[in-house]
């Protein structure tokens, strides 16, 4: 089923709704803050707004202390959002409804493969993703029952050989074939937790999000999410994938990069919220010099054109920048 309620980015009658969607597995970092900034600026420059979603699907990694810190940080930097925050942990019934709809189309099947099985089958592709080879797709009911005695299955969705085109606001047009780029992908894990790909499309529709701004490391998720939107008859969204911050050795920022943590920027360097926003905007080319700027000022003056066709930005310790 193809959606008949499709967001048209050129339709000015539809208000732009962006979103912040942090995972409460730790404190937000520079990369999170950058994508939130761009999402906020994009939406407000178009006369729109943003909503907030706490992506706490994984109960083992989601901690209330991190949720509390996320709210404190967003408030400190001056972010505002429309409506109440949505918690994925409270949306299980909605995900089950979508799962059942896909199942009624005979598109889902149980998969008993372990992570070790997948890694042994082939080398990883760019982004360390694996193309699932359909190992469990054609198991008979008897074979499924036999394997289920030993292991709880995940559930995968059958993908087609059709081309999916993502016209990204920053990264341009990308063409995908899901059979070649991901294979049948998981929509519910073996522990019965619904997968990220399914949850976010259901939640974006629920929160009326039509402009998804996030890191380029999630660009490969876009065709899978577009596929689910079409099957479930959900509105399409505009995608805008921002470049990733890398350290000076070309590696993605991680916990080893203490100079990129909010604790270092705030507690060690004593930077204000506006100084941090200004530094990130300067590093990414959205403003010409490092100055203290608020989100409202960035909405007025920041140029998002600097992010076009850019996949990475080098992060330097602010203390070394004069």
Going through region 283-295 in order, the residues found to be farther than 25 Å from residue 239 by Cβ and within 24 Å of the chain's Cα centre (by Cα) are none
Odd one out for residue 298 among (1) under 17 Å from residue 31 (Cα atoms); (2) in contact (Cβ under 8 Å) with a residue 40 or more places away in the chain; (3) surrounded by 14 or more Cβ atoms within 10 Å (Cβ to Cβ): (1)
Which of the residues belonging to region 174-207 are within 13 Å of residue 219 (Cβ to Cβ) and either surrounded by 19 or more Cβ atoms within 10 Å (Cβ to Cβ) or within 18 Å of the chain's Cα centre (by Cα) (or both)? 174, 176, 181, 182
Filter result for residue 225 (under 25 Å from residue 134 (Cα atoms), in contact with a helix residue (DSSP H, G or I) (Cβ under 9 Å, 6 or more places away or on another chain) and assigned to a helix (DSSP H, G or I)): yes
I need the full set of residues from region 153-164 which are more than 9 Å from residue 227 (Cβ to Cβ) and at pLDDT 95 or above, in order please. 153, 154, 155, 156, 158, 163
Exactly one of 62, 49, 82 is at pLDDT below 95 and under 30 Å from residue 265 (Cβ atoms), and that one is 62
Please specify each residue of region 229-256 satisfying the condition of being surrounded by 21 or more Cβ atoms within 10 Å (Cβ to Cβ) and either free of Cβ contacts under 8 Å to residues at least 24 places away in the same chain or assigned to a helix (DSSP H, G or I) (or both). 229
Inspect all residues belonging to region 264-282 and state whether any of them is in contact with a strand residue (DSSP E or B) (Cβ under 6 Å, 6 or more places away or on another chain) and surrounded by 15 or more Cβ atoms within 10 Å (Cβ to Cβ). no
What number of residues within region 133-173 are touching a strand residue (DSSP E or B) at 6+ places or on another chain (Cβ under 7 Å), in a loop (DSSP other than H, G, I, E, B) and either surrounded by fewer than 17 Cβ atoms within 10 Å (Cβ to Cβ) or not assigned by TED's automatic domain parsing to the domain that holds residue 105 (or both)? 2
Across region 60-102, what is the number of residues that are touching a residue at least 60 places away in the same chain (Cβ under 8 Å), over 21 Å from residue 276 (Cβ atoms) and outside any helix (DSSP H, G or I)? 4
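The values are calculated or read from the model by the stated rules, or taken from the named source; none is laboratory data. Just so we're clear, the structure is a prediction, and the values are computed from it rather than from any experiment. In this analysis, Cβ positions are derived from the backbone assuming ideal geometry, glycine residues included, and neighbour counts consider all displayed protein chains.
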